[in-house]
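Just below is one structure, and these are the notes that go with it.
Here, each number is a calculation from the coordinates, and none is a lab measurement. Computed from a predicted structure; not experimentally measured. We place every Cβ from the backbone using ideal geometry, glycine too, and count neighbours over all the protein chains shown.
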């Protein structure tokens, strides 16, 4: 367990457009601010810029809403094209009531609006989640590690709501170079008692820590977390998805 | 939004027993390691030591399990006395199946086993959640602020599971001196678009960040988060509890 972490936001990431080489933009911003990556650093990147760089952006004018989307949108004063995109991004609806859509996305995430988001994009457009956030994280990791000459880890993050507690928290959608779960099972506490069921979602806690310095309106979508090197290793964001058979709230 | 945070664990907290003055123990440990609190620091304290200091510890030998607790324990090879404590700590059961109890505690938290925990306590005992975590946080805050001469914030934290995602994450049960929710509603993104529904659970993200340096087995239940001073202000942990009428997963 580390005894100290530093959470540092990276200034100077420009507006990201489809086809941009996001890893190179991040590398350039790191160079420009004089922050040299160290082995074991975790680079947390907001989903929004990953989606933009991958072209995971939908022009609402091109979307023909289904009858179901139009009906729902009309009942809750929503944009029918946005609802249509939400439905298309969903493989299963978990809750659809009171104007709120909680669904399981094709990637397996359960979240509001299938991750479809209208903030920080021009009017008339929405972003959708990256097709393969683990692949996105792996590509960022490969380029950032090669460019810096040290092995770093990457997390592609997004803010998700959760049942029972107000507010959203940042979680890890895609992970590369990091073991996302710290498993204490089999370890003993200071009283010699075996810990039975404690598995810590380290990658989600790192993503949450990073969010604290991101700022939704400040254009700081990239954060370096230093001191987490002991969790370096193989891992994916998919490892954080609870198997349906183990979940009581599907 | 801060641009950098430091997350530092505090070494040297001794084993905490009922009646111990936890705030003074923390102050002593801070002095001993040469870490002087600064205005705006957030001191995150694990629920376990708060419960111990407040005597929120139950001797299982004193617990007479109800028929229901015995039946459930027998079906899932659990300790009937532990299940009885879980039921007593619950004001409402949310799920009770497959050996898992998810309930709403008297404090309003929805979590596994009503927060009853057998780790890091002697054999034959369990801890329960503090009766009033916001009160606990406020007392710690008052003493730590008075002793250090600067106004700090405090969080009493515990690790909770969540639906859909594997692993537990640390969340804020009690809060003092900190606004736990950052509300972007009404703010505009760089495209001039009003942000509609983004409220960040800052206190939970701070608690999660702190957990990364706590260690379940390393006896480091206190963490200082530096750089979060802009969220200083009035707040409680209860503010993080979603009102039942707004929740789709009760």
FRET efficiency estimate (nearest 0.05) - Cβ-Cβ, residue B:98 to residue B:35, R0 56 angstrom
0.80
Once the Cα atoms of helix A:133-148 and of chain A are each reduced to a long axis, what angle between those two axes, in degrees from 0 to 90 to the nearest 10, is obtained?
40 degrees
Most exposed first by the Cβ proxy, i.e. fewest other Cβ within 10 Å, how do B:85, B:121, A:223 rank?
B:121, B:85, A:223
I'd like the mean, over residues of B:211-221, of how many other protein chain beta carbons sit within 10 Å of each residue's own Cβ.
6
Partner shielding of B:14-21, as the mean number of partner chain Cβ atoms within 10 Å, equals 0
Inter-chain shielding of A:239-245 (mean C-beta neighbours from other protein chains, 10 Å cut-off)
3
Place the label 7 angstrom along Cα→C-beta at residue A:14 and in each other copy, then list the distances from the first to the rest in nm, shortest first.
6.1
Provide an ascending nm list, one decimal, of label-point separations from residue A:108 to the equivalent residue in each further copy; define each label point as 7 Å from Cα along Cα→Cβ.
3.6
Among A:127, B:3, which comes first, second and so on when ranked by fewest other beta-carbon atoms within 10 Å?
B:3, A:127
Mean Cβ count within 10 Å, highest first, over the residues of peptides B:5-13, B:242-250:
B:5-13, B:242-250
In degrees from 0 to 90, rounded to the nearest 10, what is the angle of the helix B:67-76 Cα long axis to the longest principal axis of chain B?
80 degrees
Stokes-Einstein D for chain A, Kirkwood Rh over Cα pairs, 10 °C, 1.306 mPa s (µm²/s):
83 µm²/s
Ordered by packing density, taken as the mean number of other Cβ atoms within 10 Å over each peptide's residues, highest first, how do A:47-59, B:162-174 rank?
B:162-174, A:47-59
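Report the far tail of the P(r) of segment A:10-91, meaning the percent of Cα-Cα pairs longer than 17 Å.
Tail of P(r) above 17 Å: 60 percent of Cα pairs.
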Could you give me D for segment A:57-127, from Stokes-Einstein at 10 °C and 1.306 mPa s, where the hydrodynamic radius is the Kirkwood radius over C-alpha pairs? Units µm² s⁻¹, please.
132 µm²/s
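What is segment A:90-207's relative contact order, in percent, from Cα pairs under 8 angstrom and six or more apart in sequence?
16 percent
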Checking rank on A:205-218, A:176-189, with mean other Cβ inside 10 Å and highest first, the result is A:205-218, A:176-189
Over chain B, what relative contact order in percent results from Cα pairs under 8 Å that are six or more residues apart?
26 percent
With each label point set 7 Å from Cα along the Cα-Cβ vector, what nm distance links residue A:188 and residue B:193?
5.6 nm
Taking only the alpha-carbon atoms of the protein assembly as shown, the convex hull volume per residue, in cubic angstrom, is 138 Å³
Label point 7 Å beyond Cα along the C-beta direction, distances from residue A:124 to other copies (nm, shortest first)
7.5
Expressed as a whole number of Å, what is the distance separating the alpha-carbon centroids of segment A:57-83 and segment B:85-138?
43 Å
